[in-house]
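The values are calculated or read from the model by the stated rules, or taken from the named source; none is laboratory data. These numbers were taken from a predicted model, which means no experiment stands behind them. Cβ atoms come from the backbone with ideal geometry, glycine included; neighbour counts cover every protein chain shown.
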Amino acid sequence: MVGTGIARELSRYDVRVVLVEKRADVAFGTTKANTALVHAGYDAEPGTWKARLNVRGNALYPKVCAELGVSYKNTGSLVVALAEEQTVHLHELRARGETNGVPGLEVIPRERVLAIEPGVSPSVAAALWAPTGGITSPWELAIAYAENAVANGVELLLSSPVIGIDMRGGRAVSVRCPGVVIYTQFVVNAAGIWADDIERMINRDDFEITPRRGEYYLFDRRVGHLVSRPLFPVPSQATKGIVVAPTVDGNLIAGPNALLVGDKGDLATTAAGLAEVIDGARKLVPGLPVRESITNFAGLRAVAVPVGDFVIGASPGVPNFVNAAGIQSPGLTAAPAIAEAVRDILADAGLVLVEKPTFNPVRERPTRFSELGRDEQSALIEKNPLWGHIICRCETVTEAEIVEALHRPVPCTTLDGVKFRTRAGAGRCQGGFCGPRVVDIIHRELDTPMEHVTKKGGGSYILSGPSKGPLLEQAACRCLADAGCNAARDDGPDDGQVCGRAGAEDVGEGVGRGDHGNLGEQDVCRIETREREEVGGHAHGRV
Amino acid sequence: MSRETSELTCIVCPVGCRLRATIEDRQLVEVQGNSCKRGAAYALDELCAPKRTVTSTVRVKGGFLPLVPVRTREPIPKDKIAQVLLDIANIKMDAPIHIHQVVAADVAGTGIDVIASRSMSRVNAPRAE
Amino acid sequence: MRTVECDIAVVGAGPAGLAAAARAKQCGAGRVILMDRDRELGGILNQCIHNGFGLQLLSEELTGPEYAEHFISEARDAGVETMLDTMVLEVTQSRQIVAVNRHEGLMRIDAKAIVLAMGARERNRGGVIIPGMRPAGVFTAGAAQRYVNMEGYMPGKRIVVLGSGDIGLIMARRLTWEGAKVEAVLEILPFPSGLTRNIVQCLNDQGIPLYLSHTVVDIHGEERVEGVTVARVDGNLRPIPGTEWDIECDTLLLSVGLIPENELTRDVGGELDPVTGGPVVTDEMETSTPGIFACGNVVHIHDLVDNVTREAWTAGEGAARLVAGQQPGDDTVRTRAGDGIRYVVPHVLHLDNLASRDVRLFMRATRPAERVQVEAVVGGEVVFSKSERVVRPAEMVMLTIPQGKVSPVEAGLNRAGLNKVSPDCADGGSQPELVVRITSRDRGTGAEGGEKA
């Protein structure tokens, strides 16, 4: 979210921008696993980056989402006091919110809460009503940011972990990924939970990122009506608490709990954590039916230690290296404002910003069959029969949408990528029915062998190989050559799969005119591509 | 010859009697636990000459689907299963295929054919039409 | 939108839909349209390439596709029209269907009667809550079955199966026969969920260990499954700390239950039975929405396809009778699951039917039991019973009440229409009820021969 937002912001200007992402798609980190809330902004300590950027980001959301065709609902939100003695905290939050510039905050009495949220616990004493609170789709926004950035000239490198940053004269001069060297004038570090690893590459150690894991339950759309807006408990020192909220797609989400974890890959849900989420959620909404849960998952928040706040600014030691790190909650809300702030910091650091007359802020929302009326649906089918072929039953997603998602400006090559763009696989059967069909469509549209289609890139292959593979290996038979491997369609494992995973996220920056450094006269930012190493055979292993 | 007693679960009907059977010279000497004659017959078969129907798939060229399901026409000796599976692994049939068409005759020397479990028309023509 | 009119529209062309459509035509219905979202008829049977189908109805042990082909021929011969590659989007209470396919776009189908035969979907990881990482390599058994049997691809090389339901057992053997290594099958209950013959032929034959009272408590692997942690469970099905052990594998197959696929039923506002997960139905297989019938896995999860066909015949007949204006009178009795019975289908019986024909009840036992009587009780009197050597929750029990066994006068029944029958009353007082229960036959008499394990 943060990186794509910054890239899109910079694409307004005559600046060459390279957006580098270690994973196979954008939004595959923290962005895809959070509560999807647009916070009002009363939580953060006044004067912090969090406070400032939350409120500013919240104000930007309606326009950004409208421009980019992203779902956003201004539902308002409630902090619910479940006992009289908690009410004092509501007033504290209101006061803090007002200091932060949050409009419209009001402590409302029990009767009003129950009137607008009949599902809330009967022990509700009062609630803080925040009319600017809302919900959005975080991956939709990140993808939209990335698509708009690319449409406006940003170069996107996926599956490209940053493995080193070269310095000269106290400045970062190039960023290295496997097979690629990016010569650049500025570097922006929006690497999420790996931001400290990236920082270490410029020999700085200003902060450490400790991942804080939060577990979630997602509930069937059938019970999405149980709440109309995000419900928060009275927050603790560390965390906003376990929330129950609707999603923009009509589901219900509950979570997160909060546990610091040692391993940046630790996305495991736990029995205890999930139980904690249900307990906490049931305090707010006693009628929450666990049996209607369709999935559960965990997300990691990047907590900057010892700072506690967002780490936004040029590195004290390396003036052309700008951090946008430690973006835990309210990071999603703040993202549009973080983009502005980083732009300004870059300008202060010497980046010349000349607006591009060709910049187009609009990215059309991809058409969704399920969002159309019958007449519009009929018209589409007339033009392209694939609109009449439903692939995902649960979310009513057609083949046309999936094909389209596979050919958009930001490459989509994975099952999860299709899910985040089209909703196929996000419904109650969680891809049980449509999974094999989507895999087949990816195989066909991207000319990828079936066993190379992955869930989320890297070694997350879905199928291990053609059936009878092991049997055929055993069979000594002259027919082996043409019999095996579904010959008509499979090309075997030598079709140049993308390599190079693991490592860290980064944003490479172009430079304005006039500051060439070591670059040639025409190039303001040069990318050199070495021959990529082929990863032999099946992309199974993890790097 | 030697006399051997074994325990096994009968699968002829859903009851699933737990049998205790003694075999000598490929004859059923004694059986306990069965509640019907079929159980005794099953015990003899299962202990002396166990058989299984093998079901699998075979690749198809030019067919509506890439695979056609197949089965042994009758149960084959259990110890031949691995060979049967290996033998059919290499087969690629051309569509159209008729249900019960022979896929592999006398598979693995069992005297029993492997046959197609369904008809399969050529590409773009499901069997229903 | 094109509008099509017909007498009966059947949604789903698996074994239930095929039999219902054919029977409806055979009973004289005019235009019967059979719809399916897949490219061909047969439904789930197309991927069930193992044998064991049709033992009761066809006296043969056919594979799924063979069973399908038999009933596809029947449907074709009976003059059933088909609409393939067609997804039903909506069903209304006034029996209008909105459906869509590539060739005709959106269509409206107006039917005098509808038979819902959409089958079931599999319970997945979200439905059983297995903590751990979320790598690729976790499949429901049915999804893996589709890959292996229809597309020709293996889900993995080293497999662990959670759940000893039939689909999991069948896939354990299937994957072994395709060259994979199945490391273990785990079952959370103390007894297997699937048929005994499958335990023997799928697990014992292949030397695959079955661990009862075990479950998966953790999944490892960031991108692809690398292993699972399993643990023994206690009497409350909770993992027992300290009993955990790891199994290395690259694939976890979930065979943890089927859920009747009732989105369309809910859309119509039909009353659902919380125990079966399917609609409340009469002995005509009609739901609480007039003119909308249901049969097969969409009503309750079956284990023998023969019973699906039987039930579908009843639905086809019921739909045809409605179209012909020949439905039975309004007087009904509600069934109820008594001791030892988990649920009974159908939920509502017509007195006219009880008087004029055999009425078939399907039910499941709550726990395994031997030497029992399955009894139908009305007004405290056993009106019919049959003995069973053994009952198991995994094996559906059928009780066919002979024509005339339940007489209205005897049972003190009075006029009560379907819609007026209220839910279960335990006191059995004012509402007419037929309770089905299981009682032990053992009264201290001599053994009937044969020890049981």
Considering every residue within region C:80-97, establish whether at least one is in contact with a helix residue (DSSP H, G or I) (Cβ under 7 Å, 6 or more places away or on another chain) and within 13 Å of chain B (Cβ to nearest Cβ).
yes
Would you mention how many residues in region B:9-29 are more than 8 Å from chain C (Cβ to nearest Cβ) and touching a residue at least 24 places away in the same chain (Cβ under 8 Å)?
8
So which residues in region C:219-262 are in contact with a helix residue (DSSP H, G or I) (Cβ under 9 Å, 6 or more places away or on another chain) and closer than 19 Å to A:Lys455 by Cβ?
C:Ile219, C:Thr251, C:Leu252, C:Leu253, C:Leu254
Taking C:Glu60 and the conditions (1) of a type outside the set (A, V, I, L, M, F, W, C); (2) touching a residue at least 60 places away in the same chain (Cβ under 8 Å); (3) more than 7 Å from every other protein chain (Cβ to nearest Cβ), which numbered condition does it fall short on, given that it satisfies the others?
(2)
Which is acidic (Asp, Glu), more than 23 Å from C:Gln201 (Cα to Cα) and more than 9 Å from chain C (Cβ to nearest Cβ), of B:Asp87, B:Asp94?
B:Asp94
Unmet requirement for B:His100, which otherwise passes all of (1) at pLDDT below 95; (2) within 11 Å of another protein chain (Cβ to nearest Cβ):
(1)
So is C:Glu69 touching a Gly at 6+ places or on another chain (Cβ under 9 Å) and within 14 Å of chain A (Cβ to nearest Cβ) or not?
no
Hits in region A:386-422 - residues which are within 9 Å of another protein chain (Cβ to nearest Cβ) and over 21 Å from A:Leu446 (Cβ atoms):
A:Gly388, A:Ile390, A:Arg393, A:Cys394, A:Thr396
Restricting to region C:205-253, and then to whatever is of a type in the set (Gly, Ala, Ser) and in a loop (DSSP other than H, G, I, E, B), can you tell me which residue is farthest from the chain's Cα centre (by Cα)?
C:Gly242
Please work out if C:Arg360 is away from chain B (no Cβ under 14 Å), over 24 Å from C:Phe191 (Cβ atoms) and surrounded by fewer than 19 Cβ atoms within 10 Å (Cβ to Cβ).
yes
Please list, ordered by residue number, the strands (runs of 3 or more DSSP E) wholly in region A:271-365 having 2 or more residues that are modelled with pLDDT under 95.
A:293-305
Considering only region B:66-85, I want to know if a residue exists there that is in a helix (DSSP H, G or I), over 30 Å from C:Thr82 (Cα atoms) and small (Gly, Ala, Ser).
yes
Can you tell me which condition A:Gly47 does not meet? The list is (1) of a type outside the set (A, V, I, L, M); (2) under 18 Å from A:Ala334 (Cβ atoms); (3) surrounded by 19 or more Cβ atoms within 10 Å (Cβ to Cβ), and all the others hold.
(3)
Any chance region C:27-46 includes a residue that's surrounded by 24 or more Cβ atoms within 10 Å (Cβ to Cβ) and more than 14 Å from chain B (Cβ to nearest Cβ)?
yes
Can you tell me which residue within region C:377-392, out of those that are aliphatic (A, V, I, L, M) and within 14 Å of chain B (Cβ to nearest Cβ), is surrounded by the fewest Cβ atoms within 10 Å (Cβ to Cβ)?
C:Val390
Looking at region C:268-278, can you tell me whether even one residue there is out of contact with any Lys or Arg (no Cβ under 6 Å at 6 or more places or on another chain) and surrounded by 23 or more Cβ atoms within 10 Å (Cβ to Cβ)?
yes
Filter region C:1-26 for residues that are more than 19 Å from C:Leu264 (Cα to Cα) and small (Gly, Ala, Ser); which is farthest from the other protein chains (Cβ to nearest Cβ)?
C:Ala24
Which numbered condition C:Ile72 fails, given (1) buried (at least 23 other Cβ atoms within 10 Å of the Cβ); (2) without any contact (Cβ under 8 Å) to a residue 60 or more places away in the chain; (3) outside the structural domain of C:Gly43 (by TED's automatic domain parsing)
(3)
Against the condition surrounded by fewer than 21 Cβ atoms within 10 Å (Cβ to Cβ), small (Gly, Ala, Ser) and under 24 Å from C:Ser94 (Cα atoms), how does C:Gly325 come out, does it pass?
yes
Being in contact with a strand residue (DSSP E or B) (Cβ under 8 Å, 6 or more places away or on another chain) and either outside any helix (DSSP H, G or I) or within 22 Å of A:Ile442 (Cβ to Cβ) (or both) is true for just one of A:Ser378, A:Ser370. Which residue is that?
A:Ser370
Hey, among the residues in region B:103-122 that are surrounded by fewer than 16 Cβ atoms within 10 Å (Cβ to Cβ) and not in a loop (DSSP other than H, G, I, E, B), which one's nearest to the other protein chains (Cβ to nearest Cβ)?
B:Arg122
Considering region B:49-65 alone, what residues qualify as being assigned to a loop (DSSP other than H, G, I, E, B) and out of contact with any Pro (no Cβ under 8 Å at 6 or more places or on another chain)?
B:Val54, B:Gly62, B:Leu65
Being part of a helix (DSSP H, G or I), modelled with pLDDT of 95 or more and crowded, with 19+ Cβ neighbours inside 10 Å: is that true of A:Leu114 here?
no
Tally of residues being among the aliphatic types (A, V, I, L, M) and modelled with pLDDT under 95 across region A:34-64:
1
